[in-house]
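The values are calculated or read from the model by the stated rules, or taken from the named source; none is laboratory data. Please read all numbers here as calculations on a predicted model, not as lab measurements. Here the Cβ positions follow ideal geometry from the backbone for every residue, glycine too, while neighbour counts run over all protein chains shown.
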Amino acid sequence: MVGAGCAMQFLQSCLLLQAFGAYVAILRDDMGWTKTQLAGAAALHQVEAAVLGPILGWVIDRFGAQGVIRFGVFVFGIGFMLLSQIDSLFSFYGAFIVVALGASLAGFFPINVALIHWFERKRARALSSVQFGFALGGIAMPVVAWSLATFGWRPTAFASGVVIIVLGFPLSLVMRRRPEDFGERVDGEPAPAPAETAGAGPQPAPLDRDFTAREALRTPAFWLLALGHGFALFVVSAVNVHAITHMKEGLQYSLEAASLVILLQTLSQLGGVVAGWFVGDRYDKRMLSAACMFLHMAGLLSLTYALNHAMVVAYAITHGFAWGLRGPFMQAIRADYFGRSAIGMILGLSFMIVVLGQIGGGMISGILADATGNYRMGFTVVALLAGLGSVFFLLAKKPALPA
């Protein structure tokens with residue numbers, strides 16, 4: 001399941017999330033749309049994810065993630081095929097809504113929930129392993145950029161849809177609901193020997209249990225973690241949507257050269273994922289996440305005020321490493337704090353707050369860039385918000401279970 005989730009994250013990363021910035025740069029030249037209009041598509045993706053979050057969480061908690069993921073693969077692929085046929089801003093938004101729906105149903109959220117049910121002691125390691133796929137997607141970014149430049153965005157988008165369905169659906173068949181449904185236990189632990197329980201009489205009730213979604217909502221930790229996660233995504237969304245355009249217009253990089261910077265960012269992200277694989281289950285994830293927020297801020301400021309290639313390289317290394325290290329911790333902390341039973345609904349409700357960062361980063365950067373003629377003001381605001389977000393993680397201590 002970890003391997004299949006990793007591969008599916010790779011497909012989504014290289015064909016959509018990492019490639020979206022390249023589509024923005026090309027569509028801006030080809031269709032003449034503004035940065036704000038193009039950033040609006042990314043905002044639609046996040047709004048849709050926020051609206052679907054609680055519903056999707058309830059469905060996953062009740063029926064499992066496997067069916068949701070399989071259906072999402074087809075929607076995701078069809079969305080890219082529709083994207084290849086657009087001829088107006090309205091049709092672009094319509095096609096991207098379908099792409100976003102598929103990405104939500106077959107992406108990060110349901111895959112992580114599926115794996116959370118199978119791991120506890122090595123949860124951070126499992127979720128970090130899945131993030132390898134997301135990071136590896138950036139390595140394929142130069143290939144996508146080459147295809148966009150060589151064959152055009154329409155053939156590239158249609159081919160992406162075909163690849164998603166042909167490769168993604170067999171991978172989705174690997175996903176399972178809960179280990180208990182297959183006679184297994186969390187972390188692969190052996191079942192207790194019959195001699196341990198036979199003749200022991202009635203067993204006492206467990207001393208602890210998982211939080212319900214309602215109980216989680218009443219804790220400060222729920223809100224602080226959601227705000228910290230959202231503030232981190234101010235930087236992530238701004239970079240995904242606008243970094244290539246900034247390098248192309250502000251720093252005079254070619255599309256291919258800018259994609260190589262994204263490649264370096266991805267290699268650094270892989271380094272962060274590897275670091276998280278080793279330290280995530282050993283040290284306080286909350287403190288590590290707070291430190292990553294400062295790296296996000298420093299990286300984006302380095303890109304914003306880059307005077308030479310070294311500052312661009314510094315951005316790629318610091319932002320990429322922080323993203324790779326922090327990303328898997330966002331779901332692992334919530335599972336550690338609130339348990340597995342209602343984790344789908346808890347994550348879904350969290351995304352209604354997290355979406356503020358996912359929308360805000362791209363929109364703030366795009367609006368201020370259209371108003372001022374460059375990305376300096378927008379990127380600076382977003383970077384400072386990420387630095388501020390470290391406070392939320394520092395305050396988000398593990399809550400006590402209600403009596």
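Kindly indicate which of 320, 360 is at pLDDT 80 or above, surrounded by 24 or more Cβ atoms within 10 Å (Cβ to Cβ) and more than 14 Å from residue 108 (Cα to Cα). Answer to the check: 320. Working carefully through the options 338, 351, find the one that is touching an Asp or Glu at 6+ places or on another chain (Cβ under 9 Å) and either touching a residue at least 24 places away in the same chain (Cβ under 8 Å) or hydroxyl-bearing (Ser, Thr, Tyr) (or both). None of the others qualify; the one that does is 338. Residue under question is residue 179, and the condition is that it be farther than 30 Å from residue 27 by Cβ, surrounded by fewer than 24 Cβ atoms within 10 Å (Cβ to Cβ) and either in contact (Cβ under 8 Å) with a residue 24 or more places away in the chain or in contact with a helix residue (DSSP H, G or I) (Cβ under 6 Å, 6 or more places away or on another chain) (or both); does it hold? Yes; evaluated as a whole, the condition is true for this residue. No other residue among 352, 377 is surrounded by fewer than 19 Cβ atoms within 10 Å (Cβ to Cβ), aliphatic (A, V, I, L, M) and in contact with a Leu (Cβ under 6 Å, 6 or more places away or on another chain) apart from 377. I'd like to check something: does segment 325-341 contain any residue that is in contact with a Pro (Cβ under 9 Å, 6 or more places away or on another chain), in a helix (DSSP H, G or I) and either modelled with pLDDT under 85 or of a type in the set (A, V, I, L, M, F, W, C) (or both)? Yes, because at least one residue in segment 325-341 is in contact with a Pro (Cβ under 9 Å, 6 or more places away or on another chain), in a helix (DSSP H, G or I) and either modelled with pLDDT under 85 or of a type in the set (A, V, I, L, M, F, W, C) (or both). Which residues, counting only those in segment 49-74, are under 11 Å from residue 109 (Cα atoms) and charged (D, E, K, R)? Across segment 49-74, there are no qualifying residues. Filtered by the rule that a residue be without any contact (Cβ under 8 Å) to a residue 12 or more places away in the chain and either part of a loop (DSSP other than H, G, I, E, B) or within 15 Å of residue 220 (Cα to Cα) (or both), segment 366-390 gives a lone residue, 373. Of the residues that make up segment 163-174, is at least one more than 24 Å from residue 61 (Cβ to Cβ), of a type in the set (Gly, Ala, Ser), in contact with a helix residue (DSSP H, G or I) (Cβ under 8 Å, 6 or more places away or on another chain) and not in a loop (DSSP other than H, G, I, E, B)? No, there is no match, as no residue in segment 163-174 is more than 24 Å from residue 61 (Cβ to Cβ), of a type in the set (Gly, Ala, Ser), in contact with a helix residue (DSSP H, G or I) (Cβ under 8 Å, 6 or more places away or on another chain) and not in a loop (DSSP other than H, G, I, E, B). Taking residue 393, is it within 27 Å of residue 133 (Cα to Cα) and either in contact with a Pro (Cβ under 9 Å, 6 or more places away or on another chain) or modelled with pLDDT under 85 (or both)? So residue 393 fails the test.
Listed by first and then second residue, the pairs with beta-carbon distance under 7 Å, at least 6 apart or on different chains, first residue in segment 75-96 and modelled with pLDDT of 85 or more, second surrounded by fewer than 19 Cβ atoms within 10 Å (Cβ to Cβ) and of a type in the set (D, E, K, R), are 84/154. The set of residues from segment 391-403 being assigned to a loop (DSSP other than H, G, I, E, B) and touching a helix residue (DSSP H, G or I) at 6+ places or on another chain (Cβ under 6 Å) comprises 396, 398, 399, 402.
Evaluation of residue 298 against the conditions (1) under 23 Å from residue 25 (Cβ atoms); (2) surrounded by fewer than 22 Cβ atoms within 10 Å (Cβ to Cβ) shows that the sole unmet condition is (1). Applying the criterion of being surrounded by fewer than 19 Cβ atoms within 10 Å (Cβ to Cβ), farther than 18 Å from residue 376 by Cα and of a type outside the set (D, E, K, R) to the residues of segment 225-262, the residue that is farthest from the chain's Cα centre (by Cα) is 254. Looking at segment 312-359, which of its residues are polar (S, T, N, Q) and more than 15 Å from the chain's Cα centre (by Cα)? Those that are polar (S, T, N, Q) and more than 15 Å from the chain's Cα centre (by Cα): 318, 341.
Among the residues that make up segment 162-181, is at least one of them touching a His at 6+ places or on another chain (Cβ under 6 Å) and either among the charged types (D, E, K, R) or at pLDDT 85 or above (or both)? There is at least one residue in segment 162-181 that is touching a His at 6+ places or on another chain (Cβ under 6 Å) and either among the charged types (D, E, K, R) or at pLDDT 85 or above (or both).
The set of residues from segment 302-332 being farther than 27 Å from residue 128 by Cβ and in contact with a Gly (Cβ under 7 Å, 6 or more places away or on another chain) is empty.
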